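Since the structure comes first, as structure tokens, the remarks are kept for the end.
The values are calculated or read from the model by the stated rules, or taken from the named source; none is laboratory data. Every value quoted in this text rests on a predicted model; they were computed, and no experiment measured them. Reconstructed Cβ throughout: ideal geometry from the backbone, glycine too, with neighbour counts over all protein chains shown. Accessible surface areas use protein heavy atoms only, side chains included; no ligands, DNA or RNA. Shrake-Rupley method; radii C 1.70, N 1.55, O 1.52, S 1.80 Å.
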Amino acid sequence: MIAEPLMEPVMPQVDPIDLLIAFEKAASPMPIRAEYIEGTGIVPPQPEHRHNAAAIKLIVQFHMAGMDLAGAGDGFRVTHTDGRTMALVIPDFYVCHRDPTDLDESYRKAHKGWYPINMVALIGEVTSTNHETDTGPKLRTYAAAGVPVYALINRNTKTAHCHTDPITPDDDPTKAYYGSEVKVELGKPLPLPAPYPTLDTTPFLESRPR
């Protein structure tokens, strides 16, 4: 994630997708793309260079390992069991299970630009000054969505984390968590489960949030 988001609670009767569209239209003059997490609309400012440059280096590592479905920029929709929107997220990087199918593209069109979260095999975030979003609400959201692997680069604590085994007690997304975690200091290799590569985290040694 990027620094200092503007956060607004969302009225339950308002479709979060429509709310975020309103946020984006109201943003001027700089284009933005908002997210919706745990009942709150988050409007981030423009990303800072070091955050993006280091995140891109992670994506390159996945591609060098033969994972052509690693990328960034797409938004994903998480749903409650009844089909309502639970969250709308734009990860810093991800690896997908598949290229978008015709069904996925129809879903994206029906939901105004958001792909289904079940396309994602691994999701990743790089913290900035708002690191609590990535270590709290986003972690719970990804676990509740059943994303198998959550890779987190925490520039605040200078650590890297690989979370696996998502668990949602009592089907309550606000209680969701990952049952397993591998943690290393930035600069040391971060092991990921097969078939993913071990990530080189040295690009983040000089990439501190501002």
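For the range 156-210, give me each residue that is in contact with a His (Cβ under 9 Å, 6 or more places away or on another chain) and under 23 Å from E38 (Cα atoms).
N156, P173, Y177, Y178, G179, S180, E181
Going by the conditions given, is T157 surrounded by 18 or more Cβ atoms within 10 Å (Cβ to Cβ), of a type in the set (S, T, Y) and more than 27 Å from G66 (Cα to Cα)?
Spelling it out, it is not the case that T157 is surrounded by 18 or more Cβ atoms within 10 Å (Cβ to Cβ), of a type in the set (S, T, Y) and more than 27 Å from G66 (Cα to Cα).
In the range 115-150, what residues are touching a residue at least 60 places away in the same chain (Cβ under 8 Å) and not hydroxyl-bearing (S, T, Y)?
L122, G124, E125, V126, N130, H131, D134, P137, K138, R140, A144, A145, listed by residue number.
Pick out, from the range 1-62, the strands (runs of 3 or more DSSP E) lying fully within it that include 3 or more residues that are over 24 Å from A110 (Cα atoms), out of contact with any Phe, Trp or Tyr (no Cβ under 6 Å at 6 or more places or on another chain) and at pLDDT 65 or above.
Fully inside the range 1-62 and qualifying: nothing.
Specify the residue that is least open to solvent (accessible area, probe 1.4 Å); the eligible residues are those in the range 63-86 that are aliphatic (A, V, I, L, M) and part of a loop (DSSP other than H, G, I, E, B).
Among them, the one singled out is M67.
Take the range 46-75 and flag every residue that is in contact (Cβ under 8 Å) with a residue 60 or more places away in the chain and under 16 Å from Y150 (Cβ atoms).
Scanning the range 46-75 gives A55, L58, F62.
Answer yes or no as to whether A55 is over 23 Å from N130 (Cβ atoms) and open to solvent by less than 30 Å² (accessible area, probe 1.4 Å).
No; evaluated as a whole, the condition is false for this residue.
Suppose we filter the range 158-198 for residues that are among the polar types (S, T, N, Q), within 20 Å of D92 (Cβ to Cβ) and free of Cβ contacts under 8 Å to residues at least 24 places away in the same chain; how many remain?
Result for the range 158-198: 1.
Just the residues that are in contact with a helix residue (DSSP H, G or I) (Cβ under 6 Å, 6 or more places away or on another chain) and among the basic types (K, R), please, taken from the range 65-114.
K112
Tally up the residues in the range 167-201 that are open to solvent by 50 Å² or more (accessible area, probe 1.4 Å) and of a type outside the set (G, A, S), please.
Residues that pass the stated criteria total 16.
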